[in-house]
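The values are calculated or read from the model by the stated rules, or taken from the named source; none is laboratory data. Model, not experiment: these values are computed from the prediction. A quick note on method: Cβ atoms are made from the backbone with ideal geometry, for glycine too, and the neighbour counts reach across all protein chains shown. For accessibility, only protein heavy atoms count, side chains too; no ligands or nucleic acids. Shrake-Rupley method; radii C 1.70, N 1.55, O 1.52, S 1.80 Å.
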Amino acid sequence: MIWFTEYQTENVGLTIKAKEVKRIKSKYQEIVVLDSYEFGKVLVLDGLIQTTERDEFMYHEMLAHPAMIQHPEPKKVLVIGGGDGGTIREVLKHPSVEEAHLCEIDEEVIFVAEKYFPTISSKLRDPKVKIFIEDGNEFLEERKNYYDVIIMDSSDPVGASEVLFQKEFYEKVKNSLKQNGIMVAQTESPFLQEEYFKKAVNEIKKVFKNVGVYVGFVPTYPAGMWSYTLASDSDDILNTNNIEKLKGLDTRYINEDIYKALFNIPEFVKEMIR
Ligand code: SPD
C-alpha cells in the first residue's frame, strides 16, 4: 500500500491511497498507473493525474459533447492529446462522425491505456478512428481546412504542452478547421490555476470571434472544478438550443439541464475572463 500525492500547486496536493503502483518510462515522460482504493485505476503523467476510472466520464463527456452538439453535423473530428481514448469514445457516440483522428505524441500512453484502462480506451481501434503518433503542433501544419471539430485534450500547460495553450497554436487549430468549425479546449481550474485559465482563454479570444467558457466537476482535478473553452467564428455556438442532439446519447454527467445552462458560470469566473 502507498500514498501517492499529486502536487497541484506549491501549497496544495491531492493524496490517494493505492494498492499497487506501476511505473513506465516512455521517450517523453514517466507514466504511472495507480491501482487506487477510491478511484479505481489512475493514470498519472509526470506526476500529474490525467484520468481515473471513477471520474473520467465527468471530464470526457463535458469536453467532447458540447462542441459535438453545437456543430450542425460533425463528420471529421480531431482530438489532440487524449491518448487514453476517453474523448474519442465520447466523440463516437455521435452518429454523424465519419472520421475521428487522434493525434497523440506518446504512443506508450496508448499502450498503457489499452492494457490498464480498457473501459476508457475501448473505442481506440474502432474503424472510424485513425491514430497519428505525432506532435500536435506539427500535425496541424499538414491539415488545412479539414476538420469540423477539434478537441484539445492536452495535459497541463507545463513543459512540452505549454505551446498548446498559446495564440500561435490556436491559429493553427483555426486554419485546420473548416469555415464554421468549432474548437474546444480543456482550460484548467479557474479556482486553483487562475493564471493558466486566464491565459488560455485570453489567447483563444485573440484568435476566434466567438468564445464560450463553461465549467464542470472533476473530483481528482485541482479544486475539483474544471473549465472548458469552446471557440469558433460561427455565431451559433453560444446558443444551447440543440437539445434534440443530446437525446439518446448515452451519458452519465451531461444532461439536458446542464447543457441548457452550459454557459452559466460563477461570477468570479466571469470576472476573470472579462
Ligand atoms: N490536471 C490534469 C489535466 C488533464 C487534462 N487532460 C487529461 C486527459 C484525459 N483524457
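Within segment 125-154, being surrounded by 20 or more Cβ atoms within 10 Å (Cβ to Cβ) and part of a loop (DSSP other than H, G, I, E, B) holds for one residue alone: S154.
Considering the conditions (1) more than 25 Å from S234 (Cβ to Cβ); (2) open to solvent by 50 Å² or more (accessible area, probe 1.4 Å); (3) without any contact (Cβ under 8 Å) to a residue 40 or more places away in the chain, P95 is excluded by exactly one of them, (1).
Please find, among A67, A113, the residue that is surrounded by 16 or more Cβ atoms within 10 Å (Cβ to Cβ) and closer than 23 Å to E171 by Cβ.
Working: A113 fails: closer than 23 Å to E171 by Cβ.
After ruling out the rest, the residue left standing is A67.
Within segment 235-274, being in contact with a strand residue (DSSP E or B) (Cβ under 6 Å, 6 or more places away or on another chain) and within 20 Å of M58 (Cα to Cα) holds for L262, F263, I265.
Does segment 84-92 contain at least one residue that is surrounded by fewer than 23 Cβ atoms within 10 Å (Cβ to Cβ), outside the structural domain of V32 (by TED's automatic domain parsing) and either more than 16 Å from the ligand (Cβ to nearest atom) or closer than 24 Å to V21 by Cβ (or both)?
Step one: filter segment 84-92 for residues surrounded by fewer than 23 Cβ atoms within 10 Å (Cβ to Cβ), giving 92.
Cutting the leftovers down to outside the structural domain of V32 (by TED's automatic domain parsing) gives us 92.
Filter once more, keeping what is either more than 16 Å from the ligand (Cβ to nearest atom) or closer than 24 Å to V21 by Cβ (or both): none.
No: segment 84-92 contains no residue that is surrounded by fewer than 23 Cβ atoms within 10 Å (Cβ to Cβ), outside the structural domain of V32 (by TED's automatic domain parsing) and either more than 16 Å from the ligand (Cβ to nearest atom) or closer than 24 Å to V21 by Cβ (or both).
Provide a single number: the residues in segment 244-272 that are among the aliphatic types (A, V, I, L, M) and touching a Lys or Arg at 6+ places or on another chain (Cβ under 7 Å).
To start, the set of residues in segment 244-272 that are among the aliphatic types (A, V, I, L, M) comprises 246, 249, 254, 258, 261-262, 265, 269, 272.
So of that shortlist, the ones also touching a Lys or Arg at 6+ places or on another chain (Cβ under 7 Å) come out as 249, 272.
Total meeting the criteria: 2.
If only residues of segment 33-44 that are in contact (Cβ under 8 Å) with a residue 60 or more places away in the chain and within 18 Å of the chain's Cα centre (by Cα) are counted, the one that is nearest to M152 (Cα to Cα) is L43. Within segment 155-172, the set of residues being open to solvent by 30 Å² or more (accessible area, probe 1.4 Å) and either touching a Gly at 6+ places or on another chain (Cβ under 6 Å) or away from the ligand (no atom under 16 Å from the Cβ) (or both) comprises Q166, K167, E168, E171, K172.
Would you check if there is a residue in segment 211-223 being within 21 Å of S96 (Cα to Cα) and assigned to a loop (DSSP other than H, G, I, E, B)? No: segment 211-223 contains no residue that is within 21 Å of S96 (Cα to Cα) and assigned to a loop (DSSP other than H, G, I, E, B). Within the option set G81, G47, being touching a residue at least 24 places away in the same chain (Cβ under 8 Å), on the phi > 0 side of the Ramachandran plot and surrounded by fewer than 21 Cβ atoms within 10 Å (Cβ to Cβ) holds for one residue only, G47. Being within 25 Å of G13 (Cα to Cα), of a type in the set (A, V, I, L, M, F, W, C) and more than 12 Å from the ligand (Cβ to nearest atom) is a property that F191 has.
Within segment 1-21, being within 24 Å of the chain's Cα centre (by Cα), more than 13 Å from the ligand (Cβ to nearest atom) and surrounded by 13 or more Cβ atoms within 10 Å (Cβ to Cβ) holds for F4, I16. Can Q179 be described as open to solvent by 70 Å² or more (accessible area, probe 1.4 Å), in contact with an Asp or Glu (Cβ under 9 Å, 6 or more places away or on another chain), assigned by TED's automatic domain parsing to the domain that holds S227 and closer than 24 Å to S234 by Cα? It is true that Q179 is open to solvent by 70 Å² or more (accessible area, probe 1.4 Å), in contact with an Asp or Glu (Cβ under 9 Å, 6 or more places away or on another chain), assigned by TED's automatic domain parsing to the domain that holds S227 and closer than 24 Å to S234 by Cα.
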